Amino acid sequence: MIISYLSSAMELSELDHTGNGTSYRNFISFRQQSNPCIAELSQFLDNRYLPKDACRVYAMDCVPKSREEDQPRGFEEVQIDDLHLFLRPPLPAGQGRVLIVEDIHPSIIETLGIALDIDPAFFADYIMTKYDEIEKSPAPPSIALVPSHLVSQEDRLTIHFQKIVDLGSEGTFLDSPWTLQTRTNVPRSVRRLSPISGRQLGIVRGCYSILRKPFSQGWIGLILMDSTTPDVSCGSDPVRLSTLHNGPEDFRTPIPFSTFKSLRCRTPPTTPISSVSMFQDFLSEPLRTCKKDHPPVLDLAYYPMRIIVGEWMLYCQVMSRYLKHYEYSFKNIESVLQGGKDDITELQKWRHRALQSRVKIRSTKQFITHRLAKDETGIDHSLWDLVLKDLDHLSTEIGGYGESLERTIPVVTSVLQLLDSRRSIEEAVNWSTCAGTVAALSSGSHLEFQSDGNLVLYFSGGISFNSGFSDPSLPCSNPCNCLLVLQGDGNLVTVSRIDLKERKTYWRGRESTDI
C-alpha cells in the first residue's frame, strides 16, 4: 500500500514538472486510489451541465473586537466569476472573511480547492449523503473513515442531520415513489413518510460543512450549505419543499416588550427566515464563542450547530407524533386494514432511522468534545457545554422513540395475523360442501347440493339458480363425495372428490419434479 502510494506520488510529481495533469480533478483521482470514499466526488465534477445560477455565494469580512469600528459588516452576494478575488490572501492582520456557498457547483469546488488547498474529503463528505449498498459503491467519508480521523481534523467539520419538510397535500403524492430527490446541484434524498391528517411530511438528509483556512495574518472561513428553496420531482410538475411550521424555533434570546415598542417595523415576516439571513444576523456581531483574532473551526460552527439542534428538536416531535399514530387498538380495525404491510415496512424504516440519527449526533458530539479537550484557549466552554447537553437530550429522545416504534412492529404483525385468521374462519363457517347442508348467504337465501351433484340456489323459497350439472359417476348414496370449485375463469362447478384427489396427486408430482 505504501509503495503504491509513493509510486503514485512520484508520478504526480513528474506531471507537475511537465505542467500536465495537475488540475484539482487529477488530484482527486490521485487521492481516490488510497481513499475510495471520495469516488463520487469525481462523478459530481463531471456534471458540467448543472446550472451555475442555482449556486449562490456570499462573503462578509470579520474584524477583531478591538477593531470592530473599522468597517461595516454585512454579507454581499459574490458573482461566481469574481469568486477568486475574494480568495486572495493576505488579509489585514487579524481580519477574517466568511464565505457561504449555497448549493455548490462543480466549478466552484475546483476554484475553492485550488485557492485554499482543500482536502477532497471535505467536499466528498458534503456531497455524499446518500449511501446504498457497500457491494455497489464505496461508503461516504462519514461512514468509511474511522471516528479518530474525523475528530482529528482541527480545521474542518461536516455535520449531517435530518430535516423535516412539508410536502403539501397527501393527494399530490398518491402514485409517487416513497423516495424522492431534490432538483438541486447537490441532490438530497427525500423520504416520504406515511400521510397523516391529510398532510404529506418528508425527511431530507441535510448537511453543513465548515472549514477554516488560516494564513500568516488573516483567515478565511468557508460554510457549505444546501439550497434554501429546493424542489422535488413529482410527476411532470415539481413540488416546492417548505419548512414545517416555519421551521425550528429561534434559539436567540427574544427581544423584550420594551424593545419591541421602539421598533419601526412590528410586522412579523410572512416567509421563513433563510439560513443566510440568520448567519448575517449572527456574524454581524463579533463571534461570541471566541476572543482570538484567529478563531477555531468550532467558532465558525457554533451558529450552524444551533440551527441543526433546532432541526433535530423538530425531528423528535415528528417521531413522537408517528409513535402515537402507530398505537393500534382493536377499536380502530379499519386503520389496520388500510395500512397493513406498508405500516410494518414504515416502522422498520423508523427503527433504522433512529439508529442512523443517533450515529450522526454521536459523531458531532465526539468532534466537539475532542476539540474542547485540545482547548484552543479562546473557546468559551460554557456555550459549548450547553450544546453538548442539547445533543445528549436529543440522542436520548430519539433512542426512546426508536425503541417504542420498534416494539410496535410485533403488535401490528399480531393484529394482521388475527384479522387473517378471523377472515378464514368466517369463510369456513359460511360454506359447506355436504349435500343437504344449508350455507347461509343472506336473509331468506341458501345454497344446497342435490344428491346427484347438482348445485341449487334457493331464494325466498324458490329456485333462483340451478347449475344444471349432474354427475352420474357420483354415488347417490354418498353425496358428500362432491365439492364446489371456483375455477380460474370464474366458472363455478362441482367435481368428484375422487377426481380431485387424483388431480392433486398429479400436481404434487409435477411440482416435485420442477423443484
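A compact table of results
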| quantity | calculated |
| --- | --- |
| Hits in segment 144-160 (condition: assigned to a helix (DSSP H, G or I) and either of a type in the set (Gly, Ala, Ser) or crowded, with 16+ Cβ neighbours inside 10 Å (or both)) | Ala144, Ser148, Leu150, Val151 |
| Qualifying residue in segment 176-193 (condition: more than 19 Å from the chain's Cα centre (by Cα), loosely packed, with under 15 Cβ neighbours inside 10 Å and either modelled with pLDDT of 85 or more or among the acidic types (Asp, Glu) (or both)) | no |
| Meets criteria (surrounded by fewer than 21 Cβ atoms within 10 Å (Cβ to Cβ) and assigned to a loop (DSSP other than H, G, I, E, B)) for Asp166 | no |
| Residue in segment 209-253 that is surrounded by the fewest Cβ atoms within 10 Å (Cβ to Cβ), counting only those that are of a type in the set (Asp, Glu) and modelled with pLDDT under 80 | Asp237 |
| Which numbered condition Ala373 misses (of (1) surrounded by fewer than 18 Cβ atoms within 10 Å (Cβ to Cβ); (2) more than 30 Å from Val297 (Cβ to Cβ); (3) modelled with pLDDT under 90) | (2) |
| Filter result for Lys389 (at pLDDT 95 or above and open to solvent by 30 Å² or more (accessible area, probe 1.4 Å)) | yes |
| Residue in segment 323-334 that is assigned to a loop (DSSP other than H, G, I, E, B) and modelled with pLDDT of 65 or more present | yes |
| Close pairs (6 angstrom Cβ cut-off, 6 or more residues apart or separate chains): within 14 Å of Ser404 (Cβ to Cβ) in segment 311-325, part of a helix (DSSP H, G or I) and of a type in the set (S, T, N, Q) anywhere | Leu323/Ser404 |
| In segment 143-162, the residues that are in contact with a Ser or Thr (Cβ under 9 Å, 6 or more places away or on another chain) and at pLDDT below 90 | Pro147, Leu150, Val151 |
| Check on Phe123, open to solvent by less than 30 Å² (accessible area, probe 1.4 Å) and closer than 20 Å to Arg362 by Cα | no |
| Strands (runs of 3 or more DSSP E) contained in segment 1-112 and holding at least 1 residues modelled with pLDDT under 70 and under 15 Å from Ala124 (Cα atoms) | none |
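The values are calculated or read from the model by the stated rules, or taken from the named source; none is laboratory data. Everything quoted here is computed from the prediction, not taken from an experiment. Glycine gets a Cβ as well: all are built from the backbone with ideal geometry, and neighbour counts include every protein chain shown. Protein only, heavy atoms only, side chains kept; ligands, DNA and RNA dropped before computing areas. Shrake-Rupley method; radii C 1.70, N 1.55, O 1.52, S 1.80 Å.
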